[in-house]
Amino acid sequence: MTTAGDPSPQSIRTGVEYIDSLRGRNLAVYLFGERVAEPVDHPVIRPSINAMAATYDAGPDDLDLATAPSNLTGEPVNRFLHVTTSAADLVAQGKMQRRLGQVTGTCFQRCVGMDGINSVFSITFDVDAAHGTDFHPRFRAWVAEMQRLNLVIGGAMTDVKGDRGKGPAGQADPDLFVRVVRRDERGLFISGAKAHQTGAINSHWLLVMPGQRLTENERDYAVVCALPVTAPGLTYVYGRQSCDSRSLEGDLDVGNAGFAGQEALVIFDEVFVPYEHVFLDGEFEYAGELVERFTAYHRRSYVCKAGVGDVLIGAAALAADYNGVPNASHIRDKLVEMAHLNETIYAAGIAASHEGHRTPAGNWEPDVLLANVCKQNVTRFPYEMGRLAQDLAGGNVVTLPSEQDWRHPEVGPLLDKYLRGRVDVPTEHRLRALRLIENMTLGRNAVGYLAESLHGAGSPQAQRVVIRRQVDLEAKKVLARRLAGIPPDAA
Ligand code: SF4
Ligand code: FE
């Protein structure tokens, strides 16, 4: 098993070791029109690295959530690299995701790889059973190595897609979906681009998967493979986020100076992948099923937003406290409404895990209908929660002067006097709570809390298609006919 490009032969144990493992990789990362010499030290990128580092730093209380015994080696491994073998494992993933949402207040990026390895695990098993291939043992060997080293896997599924009215084979430019462009006796070469790649630059390896159903003339696009992020031929273009440049200016105006999400455009230019790391190669008829299994995991993973919602509810409650009106009945009612919406997200995600089932490969998959209901809730409820948080915060959430004015020797004391709420609360605390609400509902982490909630793991219509397919309307009509006294065979 080679680990070419692996920055560390030792297992990574802490967030600090993780951050060190990202140094000196000389990736081709572009941001604001320049190649970034060292992403770890870039003030706009660093908060996203901190959020990923949090996935290594679970405290003793969180240990049961953060690790689990590997079904491949029996060793304790990070849960983000664990193949689930029970409904309890799926539930523990969801609880861990909520916890990390609470700690970071944003997207901590490591779930796409987790959901990728769980879906590819069962797909490779099924492909081998049908075709006599040996993808599954290869995949197990690779995952075991990732587990041993405790590396970050970025799941790379979403192609740039070009003309949405056409599939991969119908595009004028064949590179708009990642595909095999040539091969030799050692392996394949892939070209194309993947969009919105969560945490890609903060990863050690990428797990490339097709993003949609494919047809027989699209075999070159039916490729699942793993490659180190340092592989020659990869270019990363950083996706900028609303208000991200505030990270260059100071701390107070950022709202959440420690943590942020990360999305990047990843461009593949004839990137070589040895056959040892190829886990699907032309079996086009499995692409749709792989996407469906992946989305069952990933749409339920969006319980992460319940953790982020906990932070927003807390910030809204703080703002109300600092305004001196924590006990007004309409304030309390709005906080209850936020909690109700947030727990509804969580309830569907946890239920999808509880109602999971065993696959023939031996791992566990969430309930598809409930996973899609969870994600559909996530496309809507955070927006309403954002509206309520802004309502509770008041107009200052969008009119506060800057940190520079706050620190100005003449204007600062005036702001301290006139922006104070309750007399016993320092004005700066009030400003910080309001900036956090701005950060989560309009600013940098609104990317993760709102727009990513809408589009991540498939836009709302994608869930509605699955919900429609999963809901057995005929069975429900049978129930209704029986109680209404309509003969069972009547129209
Ligand atoms: Fe994980 Fe949530 Fe980020 Fe997706 S949006 S990677 S589920 S934290
Ligand atoms: Fe996502």
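The values are calculated or read from the model by the stated rules, or taken from the named source; none is laboratory data. Note that the structure is a prediction, hence the values are computed from the model and not measured. For neighbour counting, all protein chains shown are included, and Cβ atoms are generated from backbone atoms with ideal geometry for every residue, glycine included.
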All-but-one check, Phe268 against (1) buried (at least 24 other Cβ atoms within 10 Å of the Cβ); (2) away from ligand 2 (no atom under 16 Å from the Cβ); (3) over 22 Å from Pro228 (Cβ atoms); (4) among the aromatic types (Phe, Trp, Tyr), failing number (3)
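Residues in the range 279-286: is at least one more than 16 Å from ligand 2 (Cβ to nearest atom), hydrophobic (A, V, I, L, M, F, W, C), over 24 Å from Val397 (Cβ atoms) and out of contact with any Lys or Arg (no Cβ under 6 Å at 6 or more places or on another chain)?
To start, the set of residues in the range 279-286 that are more than 16 Å from ligand 2 (Cβ to nearest atom) comprises 279-286.
From the residues that got through so far, the ones that are hydrophobic (A, V, I, L, M, F, W, C) too are 279-280, 284.
Checking which are over 24 Å from Val397 (Cβ atoms) leaves us with 279-280, 284.
Then keep just the ones that are out of contact with any Lys or Arg (no Cβ under 6 Å at 6 or more places or on another chain); that gives 279-280.
Yes - at least one qualifying residue is present in the range 279-286.
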Inside the range 43-70, can you point out the residues that are over 20 Å from the mean Cα position of the chain (by Cα) and buried (at least 20 other Cβ atoms within 10 Å of the Cβ)? Ala68
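Please pick out the residue among Gln390, Gln470, Gln461, Gln404 that is crowded, with 17+ Cβ neighbours inside 10 Å and either away from ligand 1 (no atom under 16 Å from the Cβ) or at pLDDT 95 or above (or both). Spell out how you get there, then give the answer.
Working: Gln470 fails: crowded, with 17+ Cβ neighbours inside 10 Å; Gln461 fails: crowded, with 17+ Cβ neighbours inside 10 Å; Gln404 fails: crowded, with 17+ Cβ neighbours inside 10 Å.
Just one listed residue meets the conditions, Gln390.
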Output the residues belonging to the range 96-134 that are within 23 Å of Asn256 (Cβ to Cβ), more than 14 Å from ligand 2 (Cβ to nearest atom) and touching a residue at least 60 places away in the same chain (Cβ under 8 Å). Arg98, Arg99, Gln102, Val103, Thr104, Gly105
Cβ-Cβ under 6 Å, sequence separation 6+ or interchain: first residue in the range 169-191 and acidic (Asp, Glu), partner not in a helix (DSSP H, G or I). Which pairs? Asp175/Ser191; Asp175/Gly192
Condition check: surrounded by fewer than 19 Cβ atoms within 10 Å (Cβ to Cβ) and among the hydrophobic types (A, V, I, L, M, F, W, C). Does Ala129 satisfy that? yes
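Select the helices (runs of 4 or more DSSP H) contained entirely in the range 420-482, then report the ones holding at least 3 residues which are of a type in the set (Val, Ile, Thr) and either within 30 Å of Thr295 (Cα to Cα) or within 16 Å of ligand 2 (Cβ to nearest atom) (or both). Don't jump to the end; show me each part of the working.
On the way: elements: 427-441, 452-455, 460-470.
Fully inside the range 420-482 and qualifying: 460-470.
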